[in-house]
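Visitor: This is the structure I want to talk about, given as structure tokens.
The values are calculated or read from the model by the stated rules, or taken from the named source; none is laboratory data. In this text, all values refer to a predicted model and were calculated from it rather than measured experimentally. In this analysis, Cβ positions are derived from the backbone assuming ideal geometry, glycine residues included, and neighbour counts consider all displayed protein chains.
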Amino acid sequence: MIVPPLCARCGAPTVWPVERCRECAGRRLGFASARAAVEYDEAVRRIVGGWKERGLRRLAAEAATLVRDTVPRPDVDVLAFVPPDGDRRLRRGHHPADRLASELGRIWELPVERLLERVGGSTRQRGLSLVERRRNVRRAFLAVRSAPRSVCLVDDVYTSGATASAAATALRKAGARRVEVVCFARAVR
């Protein structure tokens, strides 16, 4: 479990509470805050791999329970999710972030809306440097309609924050004033 103290902005574990940590200081982030339930370590990496690539869809409910037990319920109007690349969704037959958002919506009694779509063909983020990750997803998302005032963006894994920031930026361009991010797992450096 990821527990305080944390960076107030990106949710990275820290030695003491800070507004911005070394990881997010000096970066333009499209979201107000990001939080995750567990560290993206080797054990969690295997679980997420099963969830994403081997169709273990029931893991969404377990992941949502861990998020509920670790992350405070966001004070937002709606939950949205980071949309998948169309090819990956077809190959997998499901999308973990969508399923996690649905489970969290049920638990937190918040509506879940599809607010974003992925546009263009971004390559997989795995193996890319931080700069390459940011460039890869810079214009990868487009709002499908105007966004409510406050949105919680749900994703399965937060690695560099590039995807979350790009998606949050698209939501803000569509009218959201505050975007919070909630993920099941988070890479810790």
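Visitor: Please name all residue pairs, on different chains or six or more residues apart, with Cβ atoms under 7 Å, provided the first residue is in region 5-32 and is within 18 Å of V182 (Cα to Cα) and charged (D, E, K, R) and the second residue is surrounded by fewer than 20 Cβ atoms within 10 Å (Cβ to Cβ) and modelled with pLDDT under 95.
Guide: E23/R189
Visitor: Looking for something part of a strand (DSSP E or B), more than 14 Å from V182 (Cα to Cα), of a type outside the set (F, W, Y) and more than 14 Å from the chain's Cα centre (by Cα) - is there at least one such residue anywhere in region 39-59? Steps first, please.
Guide: Let us first name the residues in region 39-59 that are part of a strand (DSSP E or B), namely 39.
Cutting the leftovers down to more than 14 Å from V182 (Cα to Cα) gives us none.
No, every residue in region 39-59 fails to be part of a strand (DSSP E or B), more than 14 Å from V182 (Cα to Cα), of a type outside the set (F, W, Y) and more than 14 Å from the chain's Cα centre (by Cα).
Visitor: Something else about it: Going through region 157-189 one residue at a time, which ones are charged (D, E, K, R), free of Cβ contacts under 8 Å to residues at least 40 places away in the same chain and touching a Ser or Thr at 6+ places or on another chain (Cβ under 8 Å)?
Guide: Across region 157-189, the qualifying residue is only R177.
Visitor: Given (1) surrounded by 15 or more Cβ atoms within 10 Å (Cβ to Cβ); (2) modelled with pLDDT of 95 or more; (3) among the hydrophobic types (A, V, I, L, M, F, W, C), identify the lone condition not met by W16.
Guide: (1)
Visitor: Looking at A176, is it buried (at least 24 other Cβ atoms within 10 Å of the Cβ), part of a loop (DSSP other than H, G, I, E, B) and out of contact with any His (no Cβ under 7 Å at 6 or more places or on another chain)? Walk me through it before giving the result.
Guide: Values: buried (at least 24 other Cβ atoms within 10 Å of the Cβ): yes; part of a loop (DSSP other than H, G, I, E, B): yes; out of contact with any His (no Cβ under 7 Å at 6 or more places or on another chain): yes.
For A176, the condition - buried (at least 24 other Cβ atoms within 10 Å of the Cβ), part of a loop (DSSP other than H, G, I, E, B) and out of contact with any His (no Cβ under 7 Å at 6 or more places or on another chain) - is met.
Visitor: Output the residues belonging to region 101-136 that are at pLDDT 95 or above, touching a helix residue (DSSP H, G or I) at 6+ places or on another chain (Cβ under 8 Å) and more than 19 Å from D156 (Cβ to Cβ).
Guide: Scanning region 101-136 gives a single hit, P111.
Visitor: Read through the list (1) touching a Leu at 6+ places or on another chain (Cβ under 7 Å); (2) within 17 Å of P96 (Cβ to Cβ), then give the number of the only condition that V144 fails.
Guide: (2)
Visitor: Then there's this: Select, from R145, R91, the only residue that is over 16 Å from Y158 (Cβ atoms), at pLDDT below 90 and over 17 Å from the mean Cα position of the chain (by Cα).
Guide: Matching residue, one of R145, R91: R91.
Visitor: Considering only residues that are basic (K, R) and in contact with a helix residue (DSSP H, G or I) (Cβ under 7 Å, 6 or more places away or on another chain), look in region 42-87 and name the one that is surrounded by the most Cβ atoms within 10 Å (Cβ to Cβ).
Guide: Checking each candidate, the answer is K52.
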